[in-house]
Amino acid sequence: MTQSQKDEIDFTALPKIELHAHLSGSISRQCLHEIWLKKKAEGKTDLEDPLVVMPEGKHDYDLKTFFPLFSTYTYRLIDDAWSLRYSTLSVLRDFAADGVVYLELRTTPREMPAAGLDKEDYVRLVLDTISQYEAAEPPASGPGMMHTRLILSVDRRNTLPEAQHVLSLAEKFHSPDDRNVNVVALDLCGDPSAPDIYKFAPVLDSRAPRRRLIPTLKTTLHFAEAECSSSDAELSTLLSWQPDRIGHVIHISQTIREAIVARGGGTDEKRPYGLELCLSCNVHAGMISGGFEEHHFGEWWQEKDCVVVICTDDVGVFGSKLSNEYALVAHHFGLGRAEICALARRGIDVIFAGEDEKARLREIMWT
Ligand code: IMP
Ligand code: ZN
């Protein structure tokens with residue numbers, strides 16, 4: 001594709017679907033700074049300015065430096081109802097301003113003891129903020145309102161009782177008819193060096209007794225993110241849980257690749273399998289060897305039994321908006337306008353919202 005052909009695509013105006021975005025990792029540094037300024041003025045924080053801790057332009061966090069960012073900084077700053085609402089609203093506005101028309105936001109329920117909030121309060125606050133945003137901020141122009149659904153994350157470092165609590169919250173806030181903003185799925189995320197994921201089967205295996213009671217609650221799993229979490233044994237187990245989608249999909253053997261193409265270890269339904277691929281995150285964090293051209297997007301995007309969905313993961317950390325991820329794909333893999341529009345639209349098939357939302361997206365997304 002020539003430069004002038006590429007320029008014809010307005011990647012921000014392109015209506016897009018974002019399916020893999022962590023709430024706390026999607027908060028912009030400017031938003032963190034605003035929260036910090038208010039708390040500092042009120043004498044409520046002794047943290048350093050986020051713009052000093054995470055300078056604008058620094059995106060080279062790897063798997064060793066990335067996870068402590070949350071435990072040592074973000075979670076200590078976002079520690080009450082006001083900052084949770086403020087940051088969630090800011091994340092929603094940022095995605096909408098970037099042309100995202102459907103967002104699945106994921107977050108790990110977290111208690112905020114100093115503010116008297118438990119994990120249920122946390123989830124309710126995030127859902128309420130999304131509902132209020134959708135009611136109050138219709139777009140002035142553009143393709144349409146951004147609709148959001150929530151995914152609750154189990155952290156690999158969780159105990160089984162903690163994971164079961166996340167499932168209880170999902171059960172409580174899931175709405176099978178998808179009539180409103182609700183929890184649509186569970187996720188497995190967190191530091192891939194935490195080894196013992198097998199214990200989560202009662203929560204994350206879609207065939208587990210509790211999960212069979214709510215078949216409309218879906219599952220997505222961080223998958224083969226780092227070499228230490230990518231043995232065939234671990235990946236076969238994850239696939240045997242029949243997740244509805246998987247994310248990253250980096251360090252896989254030929255056997256696992258074939259199992260993915262066969263739709264996650266043999267689900268009965270015949271439908272393409274959703275892969276959430278996050279290019280900038282993988283490149284900046286050194287999770288793949290080489291640059292964008294070497295990214296496994298190139299191996300997967302034309303695989304007919306899979307649906308590749310381009311996602312940001314943690315735009316607040318890695319600094320690349322979804323529109324930029326599409327521009328990178330166009331640039332490094334030579335996709336033209338029709339291919340970019342088709343790539344964006346194919347994501348509709350693997351969203352976790354119901355048929356009404358899919359129909360809305362088929363109306364507004366470019367062909
Ligand atoms: P939160 O769940 O909204 O608090 O978002 C931040 C959390 O998401 C982090 O503490 C990690 O556990 C998780 N997370 C963010 N990005 C990644 C990733 O690339 N791999 C695994 N976990 C991640
Ligand atoms: Zn992720």
Residue among G43, L160, H248 farthest towards the positive dipole end of the stretch 3-364, charges placed on Cβ: L160
Using helices alone, I'd like the mean residue ellipticity at 222 nm for the chain: each DSSP H run of four-plus residues gives -39500 (n - 2.57), total over residue count, nearest 500. -11500 deg cm²/dmol
Does the chain come out rounded, prolate or oblate, given a ≥ b ≥ c as the square roots of the eigenvalues of its C-alpha gyration tensor, rounded meaning a/c under 1.5 and, failing that, prolate meaning a/b above b/c? rounded
Sparse-neighbourhood loop sites, trypsin sites (Lys or Arg not before Pro) in the stretch 167-216 - DSSP loop, at most 16 other Cβ within 10 angstrom: R179, R207
Got a sec? How would D79, D49 order by Cβ neighbour count within 10 Å, fewest to most? D49, D79
Please list, or write none, the lysines whose alpha carbon is within less than 30 Å of the alpha carbon of K40, excluding same-chain residues fewer than 8 places away. K58, K64, K119, K321
For A135 and E34 in one chain, what is 0.36 nm times their gap in residues minus the Cα-Cα distance, to one decimal in nm? 33.9 nm
Can you tell which of L117, P68, I197 lies farthest toward the positive end of the dipole of the chain, using +1 and -1 charges on the Cβ of basic and acidic side chains (Lys, Arg; Asp, Glu)? L117
Using only alpha carbon pairs under 8 Å that are at least six residues apart, calculate the relative contact order of the chain and give it in whole percent. 21
Test of understanding: what is the full-extension gain from R124 to E294, defined as 0.36 nm times their sequence separation minus their Cα-Cα distance? 57.1 nm
Least to most buried among R106, R157, by other C-beta atoms within 10 Å and fewest first, runs R157, R106
If each of R76 and E363 carries a label point 7 Å out from its Cα toward its Cβ, how far apart are those two points in nm? 4.8
Positive-pole candidate from L328, G274, G286, dipole of the chain, charges at beta carbon: G274
For labels at A233 and Q254 in the simple 7 Å Cα→Cβ model, what's the distance in nm? 2.3
Could you give the nm distance between label points at A194 and K44, where each point is 7 Å from its Cα heading toward the beta carbon? 2.7
Within the chain, longest stretch clear of exposed GluC sites (Glu not before Pro) (DSSP loop, no more than 15 other Cβ within 10 Å): 112-268
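Since every read-out is calculated from the coordinates, none of them should be taken as a lab result. Remember, predicted model here, so these are calculated numbers, not experimental data. A quick note on method: Cβ atoms are made from the backbone with ideal geometry, for glycine too, and the neighbour counts reach across all protein chains shown.
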